[in-house]
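Nothing in this text is a laboratory measurement; each read-out follows from the coordinates by a stated rule. Source: prediction; values computed, not measured. So basically every Cβ, Gly included, is an ideal-geometry build from the backbone, and we count neighbours across all protein chains shown.
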Amino acid sequence: MARIDYMFDENYDKLIVNGDWAVGDSDEDNVDLILTLAQGHIRHSPTVGVNTTTFLNGTFDYIYKQKVINQLTQDNYIVNLIYQDSDGKIQLDFS
């Protein structure tokens with residue numbers, strides 16, 4: 001089931017459409033924020049965040065996979081597939 005919330009643009013600013021904040025399916029934005037932010041960056045949820053920038057150009061091993069899975073599971077997502085592709089990007093399929 002999709003979550004409906006405010007939408008963000010590529011700079012994580014609230015998306016404005018026709019002079020009002022855009023509302024829509026926010027799953028992609030939520031997961032992106034969980035993966036990008038470090039723990040402590042969300043005041044009301046200080047334990048949320050993976051901070052994927054810490055393993056840029058590094059090995060995406062079992063420990064990091066478990067960290068991603070645990071964080072997304074805490075937010076009621078189900079991780080179907082997670083891996084690092086040949087370009088070093090994290091590929092994620094969730095529901």
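Values computed for the structure shown
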| item | result |
| --- | --- |
| Amide proton proximity set for GLN84, modelled H, under 5 Å, gap of 5+ | GLN91 |
| Tilt relative to the chain, helix 27-36 - C-alpha long axis, 0 to 90 degrees, to 10 | 50 |
| Relative packing of 71-79, 58-66, which averages over residues the other C-beta atoms within 10 Å, highest first | 71-79, 58-66 |
| Karplus-derived 3J(HN,Hα), 6.51/-1.76/1.60, for each residue of segment 83-91, Hz, glycine and proline x | 7, 9, 7, 5, 8, x, 8, 7, 9 |
| Test item: Cα-centred dipole of the chain, Lys/Arg +1 and Asp/Glu -1 on Cβ, debye | 460 |
| MRE, 222 nm, helices only [DSSP H, n ≥ 4, -39500 (n - 2.57), over the chain, to nearest 500] | -7500 deg cm²/dmol |
| Structure-derived Rg and Dmax of the Cα atoms in Å - corresponding label in (i) 13.6, 43; (ii) 20.1, 69; (iii) 14.2, 45 | (iii) |
| Positive-end extreme of charge dipole, segment 4-94 - chosen from GLN84, ASN18, SER45 (charges on Cβ) | SER45 |
